[in-house]
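Structure first, then comments.
The values are calculated or read from the model by the stated rules, or taken from the named source; none is laboratory data. Model, not experiment: these values are computed from the prediction. Every residue, glycine among them, receives a Cβ derived from its backbone with ideal geometry; neighbour counts consider all protein chains shown.
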Amino acid sequence: MRAAISLLMLLLSMGGAQTRGLQTESQSTGAPPAAAPVGVPALDVSAELKELRDMVVELRVMLRYAQDDVKGLEAKNVALKERLMRSEMKAEALEMANAAQDAELAAVKTILAAVETREENLNKVVKEAPKVAFSAGLADSIEAEYGDLNVVFREVITNVGQAYSSTTGFFTAPFRGVYYFRFTVMDCEESGSMLIEMHKNGKQLIWLEDEVTAGDYTYLSSGLTLQLEKGDEVNMVLSAGHRIVGFFNESTFSGFLLFPF
Ligand SMILES: *[C@@H]1O[C@H](CO)[C@@H](O)[C@H](O)[C@H]1NC(C)=O
């Protein structure tokens, strides 16, 4: 707007200079100011004025445009300021979200560390947990010809913890705990009865019998959960006068720790 005003001033002052110039010229000829000098066209004041008025109208229009431009720029400025504010708000929100995410990540890391520690502890517990489990099969058929016979299952299939002895046939509890024992024995060779016992520390716990027909496979099988002290012994005994068969691990003795107690 200021530029338009100064332009208007400039044009007005130029118009004045032109009029003065003409006056000076007419004075120098010495002719009276009212009469037009010879050879110089008479100054058409009304035409000049009209031209000036037109110019003013034109300048007003220009001024209006300039004002509109300024208004447009102001509106743009407001819009830009709003956008800037919105961007700043967005940035703030993002920062807050970032901080929240960082906090969440830290929490997850803490939980993960706790889980890892727990897993390590569990692994240690599992690793250090006592392990006792055995299975052994009878290597040959045996007969208790001269009284009760301690059965030695010589074919060791599993013996974790070495609590079972394949030379004595005895299981010896390595520590106080609850254990499970089971057996299967077979006879088929001669008709008569088959009789097997499970002993703990020399005392009979199971006494199991069945009738055998020669050529007919007969099995005896049972199991017990036992609470044992360290050093307690468990073994199988074949009653006097009886036999069991052992070629293909038909007769087996197994035991394992359920839990220390
Ligand atoms: C009986 O078990 C022993 C020990 O695992 C094994 O070497 C043998 O082959 C088994 N016998 C039969 C007939 O499966």
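Some notes on this structure:
- Taking the criterion of being away from the ligand (no atom under 16 Å from the Cβ) and among the aliphatic types (A, V, I, L, M), the residues of the range 115-137 that qualify are V115, L122, V125, V126, A129, V132.
- Selection count, the range 149-166, where residues are surrounded by fewer than 19 Cβ atoms within 10 Å (Cβ to Cβ) and more than 15 Å from the ligand (Cβ to nearest atom): 4
- In summary, G215 fulfils each of the numbered conditions (1) modelled with pLDDT under 95; (2) touching a Lys or Arg at 6+ places or on another chain (Cβ under 9 Å) with the single exception of condition (2).
- Condition met for T24 (modelled with pLDDT under 95, of a type in the set (V, I, T) and surrounded by 11 or more Cβ atoms within 10 Å (Cβ to Cβ)): no
- Residues being more than 12 Å from the ligand (Cβ to nearest atom) and either polar (S, T, N, Q) or in contact with a helix residue (DSSP H, G or I) (Cβ under 8 Å, 6 or more places away or on another chain) (or both) - total across the range 230-253: 2
- N123 fulfils the conditions (1) surrounded by 11 or more Cβ atoms within 10 Å (Cβ to Cβ); (2) within 38 Å of the chain's Cα centre (by Cα); (3) polar (S, T, N, Q) except for a single criterion, (1).
- Annotation for the range 173-187: at least one member residue is of a type in the set (A, V, I, L, M) and farther than 14 Å from V234 by Cα.
- Test: T218 is surrounded by 15 or more Cβ atoms within 10 Å (Cβ to Cβ), more than 51 Å from the chain's Cα centre (by Cα) and without any contact (Cβ under 8 Å) to a residue 40 or more places away in the chain: yes
- In the set (1) surrounded by 10 or more Cβ atoms within 10 Å (Cβ to Cβ); (2) away from the ligand (no atom under 16 Å from the Cβ); (3) of a type in the set (S, T, Y), Y146 fails one condition alone, (1).
- Selection status of Q67, out of contact with any Asp or Glu (no Cβ under 7 Å at 6 or more places or on another chain) and without any contact (Cβ under 8 Å) to a residue 60 or more places away in the chain: no
- Scanning the range 176-202 for residues that are more than 15 Å from V151 (Cα to Cα) and modelled with pLDDT of 95 or more returns R176, G177, V178, Y179, Y180.
- Number of the exception - G147 against (1) at pLDDT 95 or above; (2) at positive phi: (1)
- Being within 28 Å of the chain's Cα centre (by Cα), away from the ligand (no atom under 16 Å from the Cβ), under 30 Å from R176 (Cβ atoms) and not hydrophobic (A, V, I, L, M, F, W, C) is a property that does not hold for K109.
- Whichever residue in the range 201-215 is among the charged types (D, E, K, R) and surrounded by 12 or more Cβ atoms within 10 Å (Cβ to Cβ) and, among such residues, is nearest to the ligand (Cβ to nearest atom): D210
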